[in-house]
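Reviewing the structure listed below.
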Amino acid sequence: MGKNILLGHGSGGKLSHDLIKTIFVKQFENPILSQQTDSAILNIKAENIAFTTDSYVVDPIFFPGGNIGKLAVCGTVNDLAVSGATPKYISAAFIIEEGFPMKDLETIVADMAAEAKKAGVIIVTGDTKVVNKGQCDKLFINTAGIGILEEKYTGISTGRDIKAGDKIIINGSIADHGMAIMASRNFGNFQTDIKTDCACLNGLIKEILDSGCNVKFMRDATRGGIATVLCELSETHKTGIEIDEAKVPVNENVRGMCELLGFDPFYVANEGKIVLVVAGDDAEKVLSLMKTHEFGKHSSIIGEVVSSNAGKAILITEIGGKRIIDIPAGEQLPRIC
């Protein structure tokens with residue numbers, strides 16, 4: 001097929017057929033995809049279906065701990081899982097720039113297949129388009145995901161049942177992904193060991209939900225960081241939120257890079273972090289359970305829902321002061337997910 005992607009690989013002819021067969025079908029192989037029909041035929045028995053879609057345009061496409069392919073699968077799986085759903089199926093569409101190295105595409109697709117297998121989801125349909133050089137920044141990926149949602153979890157995505165006294169938990173350190181991306185760019189000669197936190201969290205979430213604890217809300221803190229999640233939650237429900245800055249985990253190397261570049265870690269993107277709101281009586285049980293999981297070892301109760309400060313999220317600083325956590329007016333980190 002050659003070393004690089006050609007326009008002909010998107011023409012629908014022999015080159016397209018060869019690309020699909022030797023890379024996509026080979027890596028994503030499963031009985032549904034192997035039928036290669038225009039639509040994947042899915043047999044789903046459920047009262048509620050969770051459905052999500054996303055596009056991935058990260059720059060650079062390879063970064064410490066992952067790449068755009070792993071990111072696409074993890075992001076889609078997590079969007080379903082934080083809604084309380086069990087992720088089942090994913091679609092994947094690729095927009096590829098002419099001249100893109102074939103070996104890089106193979107690596108990305110192989111990593112997508114590996115991550116999907118670990119998460120227990122199936123990539124069942126997709127599409128490939130090739131555009132002229134300069135009309136796309138190397139590679140864009142669009143995904144959609146379907147999950148099964150039990151009736152008892154339908155309120156989690158909106159947080160409709162949250163109330164004062166509920167506790168707020170995060171499953172580990174924040175801002176790792178955004179700073180890993182920044183360190184990977186030609187942004188000075190940074191030498192760091194910062195890696196993305198990109199991971200599929202459906203296994204961790206399933207254990208939490210199966211425990212029977214009263215989980216009121218979950219959201220993955222991607223673009224806009226945990227600050228945006230907390231602001232949206234407080235504004236939507238006209239309730240107050242108080243966060244203890246000292247209890248929010250931030251790796252020291254990440255904190256140092258944020259200070260150097262002038263970023264607030266509360267607003268930096270994550271790709272493996274969930275913010276949970278849990279009934280106060282269940283918080284310690286949930287925390288203990290999370291700490292036993294690979295992706296929850298550094299979990300922390302970082303705050304609570306309060307009856308004061310309706311509609312506002314308040315940060316109690318490490319020196320005892322208070323400040324309002326607000327949604328950022330502009331874009332802090334371009335092209336990070």
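The values are calculated or read from the model by the stated rules, or taken from the named source; none is laboratory data. None of these values were measured; they are calculated from a predicted model. Backbone-built Cβ (ideal geometry, glycine too); neighbour counts: all protein chains shown.
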Single condition L149 does not satisfy, out of (1) of a type outside the set (G, A, S); (2) more than 22 Å from I336 (Cα to Cα); (3) surrounded by 17 or more Cβ atoms within 10 Å (Cβ to Cβ); (4) modelled with pLDDT under 95: (4)
Over region 1-52, the set of residues of a type in the set (V, I, T), surrounded by fewer than 16 Cβ atoms within 10 Å (Cβ to Cβ) and either over 28 Å from I148 (Cβ atoms) or not assigned by TED's automatic domain parsing to the domain that holds P101 (or both) is T22
So the strands (runs of 3 or more DSSP E) completely within region 202-302 holding 3 or more residues that are at pLDDT 95 or above and not assigned by TED's automatic domain parsing to the domain that holds M182 are none
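Quick grid of which residues meet (1) modelled with pLDDT under 90; (2) over 24 Å from the mean Cα position of the chain (by Cα):
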{"position": "G2", "(1), (2)": "yes, yes"}
{"position": "L6", "(1), (2)": "no, yes"}
{"position": "F24", "(1), (2)": "no, no"}
{"position": "L33", "(1), (2)": "no, yes"}
{"position": "T37", "(1), (2)": "yes, yes"}
{"position": "I41", "(1), (2)": "no, yes"}
{"position": "A46", "(1), (2)": "yes, yes"}
{"position": "T52", "(1), (2)": "no, no"}
Any hit, region 146-153, residues being touching a Pro at 6+ places or on another chain (Cβ under 9 Å), among the small types (G, A, S) and touching a residue at least 12 places away in the same chain (Cβ under 8 Å): yes
Could you run through region 77-113 and say how many residues are part of a helix (DSSP H, G or I) and more than 24 Å from K21 (Cα to Cα)? 5
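Do the conditions hold for A180, that is, is it surrounded by 23 or more Cβ atoms within 10 Å (Cβ to Cβ) and either within 30 Å of V277 (Cβ to Cβ) or touching a residue at least 24 places away in the same chain (Cβ under 8 Å) (or both)? I'd like the intermediate steps shown before the answer.
Values: surrounded by 23 or more Cβ atoms within 10 Å (Cβ to Cβ): yes; either within 30 Å of V277 (Cβ to Cβ) or touching a residue at least 24 places away in the same chain (Cβ under 8 Å) (or both): yes.
Answer is yes for this residue.
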Name the single residue that is farthest from I316 (Cα to Cα) among those in region 204-256 being touching a Phe, Trp or Tyr at 6+ places or on another chain (Cβ under 8 Å) and small (G, A, S). G224
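Please work out if G2 is under 27 Å from K138 (Cα atoms), assigned to a loop (DSSP other than H, G, I, E, B) and in contact (Cβ under 8 Å) with a residue 60 or more places away in the chain. Working first, answer last.
Details: under 27 Å from K138 (Cα atoms): yes; assigned to a loop (DSSP other than H, G, I, E, B): yes; in contact (Cβ under 8 Å) with a residue 60 or more places away in the chain: yes.
It is true that G2 is under 27 Å from K138 (Cα atoms), assigned to a loop (DSSP other than H, G, I, E, B) and in contact (Cβ under 8 Å) with a residue 60 or more places away in the chain.
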Pairs under 7 Å by beta carbon, first residue on the phi > 0 side of the Ramachandran plot in region 305-319, partner buried (at least 16 other Cβ atoms within 10 Å of the Cβ), six or more apart or different chains? N309/G240; G311/S234
